[in-house]
Number of protein chains: 2
Amino acid sequence: MKSVTIKDIAKLAGVSRGTVDRVINNRGNVKKKVEEKVIKIAKELGYEKNIIASRLASTKVYKIAVVLPSPESDFFWDIPKEGILSALNLVKYYGIKVEFLEYNIFSSEEFTNQVTKAIECKPDAILMAPLFLKESEKLINIGEEEKIPFITINSELNHKNILSYTGQSSYHSGYLAGKLFDINLQHDDEVIVLNLAHEISNAPHYTDKVKGLIDYFKEHKTKHINVSWYEFDDFLNDEVLLRRFKETQNIHPEMKGIFFTNSRAYRLLDLLQKEEVEKYKIIGFDMIEPNLKYLQNGEIDFIINQNPFNQGYNGLMNFVNHFIHNREIKQQEYLPLDIVVKENVDFYYK
Amino acid sequence: MKSVTIKDIAKLAGVSRGTVDRVINNRGNVKKKVEEKVIKIAKELGYEKNIIASRLASTKVYKIAVVLPSPESDFFWDIPKEGILSALNLVKYYGIKVEFLEYNIFSSEEFTNQVTKAIECKPDAILMAPLFLKESEKLINIGEEEKIPFITINSELNHKNILSYTGQSSYHSGYLAGKLFDINLQHDDEVIVLNLAHEISNAPHYTDKVKGLIDYFKEHKTKHINVSWYEFDDFLNDEVLLRRFKETQNIHPEMKGIFFTNSRAYRLLDLLQKEEVEKYKIIGFDMIEPNLKYLQNGEIDFIINQNPFNQGYNGLMNFVNHFIHNREIKQQEYLPLDIVVKENVDFYYK
DNA sequence: TAAATAAATTTGCACGCGCACAATTTTTAA
DNA sequence: TTAAAAATTGTGCGCGTGCAAATTTATTTA
């Protein structure tokens, strides 16, 4: 029952444990003859490394740099960080060091700066949400030159230097929104998509969502529901936001459904009367505090939850499985599209 | 940066490592005064056990007996087992031994036998789904005498010898079903609850679900939707099942919604024509293969997913956190009530 | 060629914890 | 007072790694 140790091998080979260690782990500086002998004996005895002892003795620190938007600039990002910390808690004895770097979600310069800093500290990998696509591609290329692979969450991006992606399929979340409107709207109602974002960020995910929504109604025509979409890039300005919405109302008198493509539904709802909002079926993303208020009081009908906790948790676990356990990890892992309503909201992580 | 070790404590307390070890791990045989001093110093230094070293030195094997229904007798139970194995994979170096014991989901005798066997092999804890409530209570009492605590999943049961429960809140799943019917049905439609189960098993969960559904429509009366409920205990007999359903149709001509309280919606749908089923809005539980077919083809409108994977995963993790990390674990952890439709089904674990 | 120096290879020990057992001190009994 | 028993405390081993120290081997210099 007792398993074979390097000590057993050392004894049989007539050398010290240190020499066996150098052979087993290819550290070099061993005479050819001795090396062959040790390998032979190890094989014969069926030696298997005791990973617990190995981890205990090793001083190797795996370093992962995490570059995410600051929760101050966008509420959503509180939870992925919790997921990362929770995963870390589980594996903290494996010698993993996490370097958190935050950037303002509206600043591509800060993003670039922080990822550059991340690369400079030469981590084993960088975990990030590549919200700025053009910048991300450049930075991932730079990382590749430095042999630093990336693990991504939240925003999908294809690049051979990305080990894994964990997050939703934007297209299908839009498609799902279509279904939800379909069962809640009437014949000839209109759905309006509102993208409250500065144009610079995240464009493909927005358009994928719209595409999904439109495709749904291409495939389900019984109710003749029409879809239009608008970008409100000056959404931080109350007055402008409200004016643009009123304009949209005028253009679309049959507007009955509003699809917010991100977590910022609350921005507009903050400016409208409850009675007015109740005329619409509203779907938004993310269980952040200001949205939850409106879900509870009935102004938001559905929230599509992006599993922010698991984005962080699985992202870090991908790192662990790849670097520490040498396991295969999935190149992309699409997280569930959770349909959150008032009646089940309490059971989701928030 | 260097962490505090028992050696540090021993030095400061003027005792040997062995004594510190005895204090830290409550092994007794230490003078009161010395014990107090060691505890005080450990606290001051913020000592945290290095569980890698601890596991390396320890010869203790943690044994957990897992008693679940066999997947052969009920499809659902494939996935919790996968969750357990996945968690195990993550923590396998901690010296955890799992003993799997299966029982036919329809046999309370087999259940009793297997839990009894589990108790006999004297594990550190038993992880089980207490589907048979009367039997479970008796068995948990016996376990208590033997000082074997229980970790439960799927079916909630209150007992002081249960360390934790991971699963859904039955009441709220019924309440959520109410909401889903409410947005899909018309004025004066009727909802029928069908419980396809032998009466012996799981009664409270069934009644809690019905109670949740009824409460929903007590609180939301605008559509005047009426709820009735029936138990089809001979559901394995095609002929009887079909006859009883036809009877129910006759009694309830306004029946437009059907709520299956468990995963057996497919049993009835297997016997009906698609055209007939399409007259009804149908809600069932669990993403098992035969149900998925009907979700895909539109016969089932909503499936409430019970997170079977996480039931297993979290159940085992609760064991690890309690016994190995000595962490507080939640006495009850309600899992999300996932609303699964055709459009998001591919993104849930199955 | 031998001594001196450099390079290559090998050894030995600490690391942190739990456990078994040895050693010591204290208490009890004779 | 002394021996025996009980209570308490101390010590060394195990596991793989990494580093300093030691030893062996190769090369250079006089």
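Before moving on, here are some points about what is shown:
- Exactly one residue out of B:ILE251, B:ILE300 is more than 13 Å from every other protein chain (Cβ to nearest Cβ), among the aliphatic types (A, V, I, L, M) and in contact with a Gly (Cβ under 6 Å, 6 or more places away or on another chain), and it is B:ILE300.
- Of the criteria (1) hydroxyl-bearing (Ser, Thr, Tyr); (2) at pLDDT 95 or above; (3) within 21 Å of the chain's Cα centre (by Cα), which one B:TYR349 fails: (2)
- Those residues of the range A:8-32 which are more than 27 Å from A:ASN321 (Cβ to Cβ) and more than 10 Å from DNA strand C (Cβ to nearest atom), in sequence order: A:ASP8, A:ILE9, A:LYS11, A:LEU12
- Inter-residue pairs, beta-carbon under 9 Å, first assigned by TED's automatic domain parsing to the domain that holds A:PRO130 and over 22 Å from A:TYR266 (Cα atoms) and in the range A:68-93, second hydroxyl-bearing (Ser, Thr, Tyr) and at pLDDT below 95, 6+ apart: A:GLU82/A:TYR349; A:GLY83/A:TYR349
- Residue in the range B:26-63 that is farthest from the other protein chains (Cβ to nearest Cβ), counting only those that are of a type in the set (Gly, Ala, Ser) and within 13 Å of DNA strand D (Cβ to nearest atom): B:GLY28
- Enumeration of residues in the range B:303-350 that are open to solvent by 10 Å² or more (accessible area, probe 1.4 Å), in contact with a Lys or Arg (Cβ under 8 Å, 6 or more places away or on another chain) and farther than 25 Å from B:ILE126 by Cα: B:LYS342, B:GLU343
- Residue match in the range A:33-47 (condition: open to solvent by 30 Å² or more (accessible area, probe 1.4 Å), within 13 Å of DNA strand C (Cβ to nearest atom) and assigned by TED's automatic domain parsing to the domain that holds A:ALA125): no
- Test for B:VAL61: is it within 30 Å of B:LYS117 (Cα to Cα) and within 40 Å of the chain's Cα centre (by Cα): yes
- Listed by position, the strands (runs of 3 or more DSSP E) contained in the range B:116-181 that have at least 3 residues being of a type outside the set (A, V, I, L, M) and within 14 Å of chain A (Cβ to nearest Cβ) are B:162-167.
- Single match in A:LEU101, A:LEU56, A:LEU68 (criterion: in contact with a Leu (Cβ under 9 Å, 6 or more places away or on another chain) and modelled with pLDDT under 90): A:LEU56
- Set side by side, the residues B:VAL4, B:VAL20, B:VAL91, B:VAL66 differ, and just one is among the β-branched types (Val, Ile, Thr), over 39 Å from the mean Cα position of the chain (by Cα) and either open to solvent by less than 30 Å² (accessible area, probe 1.4 Å) or over 29 Å from B:GLN311 (Cβ atoms) (or both), which is B:VAL20.
- Hits in the range B:58-76 (condition: within 11 Å of DNA strand C (Cβ to nearest atom) and farther than 21 Å from A:LEU90 by Cβ): B:THR59
- In the set (1) outside the structural domain of B:GLU72 (by TED's automatic domain parsing); (2) open to solvent by less than 10 Å² (accessible area, probe 1.4 Å); (3) not charged (D, E, K, R), B:THR152 fails one condition alone, (1).
- The set of residues in the range B:145-180 being charged (D, E, K, R) and closer than 30 Å to B:TYR62 by Cβ consists of B:GLU145, B:GLU146, B:LYS147, B:GLU156, B:LYS160.
- Residues satisfying the stated conditions in the range B:182-199, i.e. away from chain A (no Cβ under 14 Å) and either open to solvent by 20 Å² or more (accessible area, probe 1.4 Å) or more than 28 Å from B:HIS224 (Cα to Cα) (or both): B:HIS187, B:ASP188, B:GLU190, B:ALA197, B:HIS198, B:GLU199
The values are calculated or read from the model by the stated rules, or taken from the named source; none is laboratory data. This structure is a prediction, so every number in the text was calculated from the model and none was measured. Note that we place each Cβ from the backbone using ideal geometry, even for glycine, and neighbour counts take in every protein chain shown. The protein model used for the area step is the full one, side chains on, heavy atoms only, and it has no ligands, DNA or RNA in it. Shrake-Rupley method; radii C 1.70, N 1.55, O 1.52, S 1.80 Å.
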